[in-house]
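Chemist: Below: one structure in structure tokens.
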Amino acid sequence: MSELSEELLHGPLHQWHVDHGAKMAEFGGWLMPLQYDGGGVVAEHTAVRTAVGLFDVSHLGKAEIRGAGAVAFANRCLSNDLERIQPGSAQYTLALTDRGTVTDDLIAYMRSEDDLFLIPNAANTAAVVAALEAARAAEGAELEITDLHRSFGVFAVQGPLANTVMAAVGLPQPADYMSFVDATVNINGADVALTVCRTGYTGELGYEVVPGWDDAAAVWAALAAAVEIAGGRAAGLGARDTLRTEMGYALHGHELSTEITPVEAGIGWAVGWKKAVFWGKEVLTAQKADGAPRKSVGLLATDRGVPRAGVNVLDAEGNIVGHTTSGTFSPTLGNGVALALVDPAVELGQALALDIRGRRLGVNVVKPPFVKASTKA
């Protein structure tokens, strides 16, 4: 094992991935499967779009806020409005800086008014927990905010046959998008407590399964067997990225960062604008009213070539009008696609170009998603 891999954190399924020929890569401080032997990114991507895929995303963070008024406290901190949901529902939300930029995007699971479970991104978990703890201390609130990063695994079952797999393993299937249930299920003769949420990051029908860390291997083995019987595949972070890019979903460190606001990123829908207070509200409200200096768009390649993140976007005269935040080859479309932050004057349908090491790659401005979403099917 290399010195690098020894320095990175390993998830509860690390040995399974190695045994099944996974190409491992660093992501958010963790060593995670990028793709598996016998297929690769395109085959794994296609399995999710046409059958079912199984992702280990146990590197994602986990945290909890418990105590009287836990949800009300979080609502004064995080961007979205938790009053829009009820216990048993989850919500996409943002932890913002005082400049209105994004420390992290996360999912908040409301178990009760006094119990909120959070799933932030791997690399940002400590920062989110620290910001919440600082706010708690400033308020003098008697709440417990706990970093549970290595207490739970997280698996995503995604694709048209997701229900078939969930039923085969005896897992619940919450009917409403972004709803969740806590359940105890029998896995190979043992009772296992876990949470299942109707959500995902691929644009397909799907669920995220959250078992305890020590139960993760048994739950994964049962899911992997059911996925194989259904004609699906285990899928790595490579396919996860191509799938989410096709949907135009933001990834922290690309479309979201401490230098990008949700207005610029085009996810103002994740902001509770009518709330009295949340982190970064004053700056963000002013930007919404005055207009952001940049906006997020989709780019569909009109020339052969693969867009990449971090390259300049050029107008017809060769002027730089923005830069790409993500770029990839879309296996579904058989075409290059990208997401970009551009000048607000850029219009839908406009012909632009990407500067790929001095070569121009023609693109058209489009509104994501690049393929039809089936998340609520």
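Chemist: On average, how much accessible surface per residue is there in the stretch 214-336, in Å², for a 1.4 Å probe, leaving out ligands, DNA and RNA?
Modeler: 44
Chemist: Near the amide H of Gly248, under 5 Å away, which other amide H atoms are found, from residues 5 or more places off or on another chain, if H is placed in the peptide plane?
Modeler: Phe370
Chemist: I've got another one for you. In whole angstrom, how far apart do the alpha carbon centroids of the stretch 296-356 and the stretch 15-60 sit?
Modeler: For the stretch 296-356 versus the stretch 15-60, the Cα centre distance is 27 Å.
Chemist: In addition: How much of the DSSP beta bridge set in the stretch 1-136 is antiparallel, as a percent to the nearest 5?
Modeler: Bridges in the stretch 1-136 that DSSP calls antiparallel: roughly 90 percent.
Chemist: Using DSSP to call loops (not H, G, I, E or B), can you name the GluC sites (Glu not before Pro) in the stretch 268-367 whose Cβ has at most 16 other Cβ atoms within 10 angstrom?
Modeler: Glu317, Glu347
Chemist: Please check the chain for the longest run free of trypsin sites (Lys or Arg not before Pro) that are loop-located per DSSP (anything but H, G, I, E, B) and have at most 10 other Cβ atoms within 10 Å.
Modeler: 1-273
Chemist: Still on this structure, I have one more. Given +1 on the Cβ of Lys and Arg, -1 on the Cβ of Asp and Glu, and no further charges, what dipole in debye does the stretch 64-199 carry about its Cα centre, rounded to the nearest 20?
Modeler: 360
Chemist: Just tell me which lysines come within less than 30 Å, Cα to Cα, of Lys376; anything on the same chain fewer than 8 places away is out.
Modeler: The qualifying lysines are Lys62, Lys274, Lys275, Lys288, Lys295, Lys367.
Chemist: In a Gaussian network model over the chain where Cα atoms closer than 10 Å are linked, find which of Asp355, Asp182, Asp19 has the largest mean-square fluctuation.
Modeler: Evaluated over the chain, the most mobile residue of the options is Asp19.
Chemist: Each residue of the stretch 182-190 in order: what ³J(HN,Hα) in whole Hz does its phi give by Karplus 6.51 cos²θ - 1.76 cosθ + 1.60, θ = phi - 60°, with x for Gly and Pro?
Modeler: 9, 9, 10, 10, 8, 10, 6, x, 10
Chemist: Separation between the Arg304 and Arg99 pseudo-spin-labels, each 7 Å from Cα along Cα→Cβ, expressed in nm?
Modeler: Taking the simple label geometry, Arg304 and Arg99 are separated by 4.3 nm.
Chemist: Here's a follow-up. Which order do you get for Thr184, Thr93 if you rank them by accessible area with a 1.4 Å probe, largest at the top?
Modeler: Thr184, Thr93
Chemist: Just name one of Val297, Gly29, His17: the one whose Cα is farthest towards the positive end of the charge dipole of the chain (beta-carbon charges, Lys/Arg +1, Asp/Glu -1).
Modeler: Val297
Chemist: Right, something else. Considering the chain as a Gaussian network with a 10 Å cut-off on Cα pairs, which listed residue, Val157, Val363, Val283, attains the greatest mean-square fluctuation?
Modeler: Result for the chain, Cα springs under 10 Å: Val283 fluctuates most.
Chemist: Take the chain, connect every pair of alpha-carbon atoms lying under 10 Å apart with a spring to form a Gaussian network, then pick out the residue of Gly280, Gly39, Gly159 with the largest mean-square fluctuation.
Modeler: Taking springs between Cα atoms under 10 Å, the residue moving most is Gly39.
The values are calculated or read from the model by the stated rules, or taken from the named source; none is laboratory data. Just so it is clear, the model here is predicted, and its values are computed rather than measured. Using ideal geometry, Cβ is built from the backbone for each residue, glycine included, and neighbour counts are taken over all protein chains shown. Heads up: the accessible areas ignore ligands, DNA and RNA and are worked out on the full protein's heavy atoms, side chains in. Shrake-Rupley method; radii C 1.70, N 1.55, O 1.52, S 1.80 Å.
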